[in-house]
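Please read the structure below before turning to the comments.
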Amino acid sequence: MIPPKGRTWAPRGARPIVRVAGRRGGRVNIAGAVCFKAGRRARMFFKLHVYHGRKGEPKSFAWNDYRDFIRMVHLQLGTPVVWVWDNLNVHLQQELFDFAEEHKDWLVIFHLPPYAPELNPQEGVWSLLKRALADFAAADLAHLTQVIKRKLKKIQYRPHLIEGCLPTTGLDLKGLINQPDIADST
């Protein structure tokens, strides 16, 4: 609920102050995947997990939520998928390795090296989202969730924004003609 800081114009010496209900509980976790295939438009998928702060409620995504997300992306794309993970501890659980082994006919998983966010094009999407949410003060968790979905949809329907996140990684798709879709997720 605490918004990312941004810049604004204000008269000198009169810095604007925005009060937010920051620590009252609840948060929104986002899983995202950007997909690239040479000759096709870039695509982005996302899934939200809203934590309300209730007793017994999971705070973030579990391994089976990521498994379902991978399945959803595969069904939407209708093609084999090369999935690239960052090194979040949930991504390294044995259940996900077992899932990849069971579905090796359409799923290949690679892990990015530790401490290498500059290789992850999904980080560019998160940067765009944070910039869009700068200095945004949500009234409550439902309002925050609604605005995040709207901002992600705006990015999702603008493939040039997603494609703009790839060159900063140093990756090149020219050699990937007739290869499966590459999905990068965090």
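A few notes on this one:
- Inspection of the stretch 89-96 identifies at least one residue that is at pLDDT below 95 and assigned to a loop (DSSP other than H, G, I, E, B).
- For the stretch 59-117, the set of residues classified as among the aromatic types (Phe, Trp, Tyr) and in contact (Cβ under 8 Å) with a residue 24 or more places away in the chain consists of Phe61, Trp63, Tyr66, Phe69, Trp83, Trp85, Phe99, Trp106, Phe110, listed by residue number.
- Considering (1) in contact with a helix residue (DSSP H, G or I) (Cβ under 9 Å, 6 or more places away or on another chain); (2) touching a residue at least 40 places away in the same chain (Cβ under 8 Å); (3) under 12 Å from Ala31 (Cβ atoms), the lone condition that Arg43 does not fulfil carries the number (3).
- Residue among Trp63, Trp85, Trp106 that is within 13 Å of the chain's Cα centre (by Cα) and over 22 Å from Lys154 (Cα atoms): Trp85
The values are calculated or read from the model by the stated rules, or taken from the named source; none is laboratory data. Predicted, not measured: the structure shown is a model, and the values here were computed from it. Note that each Cβ is placed from the backbone with ideal geometry, even for glycine, and that neighbours are counted across all protein chains shown.
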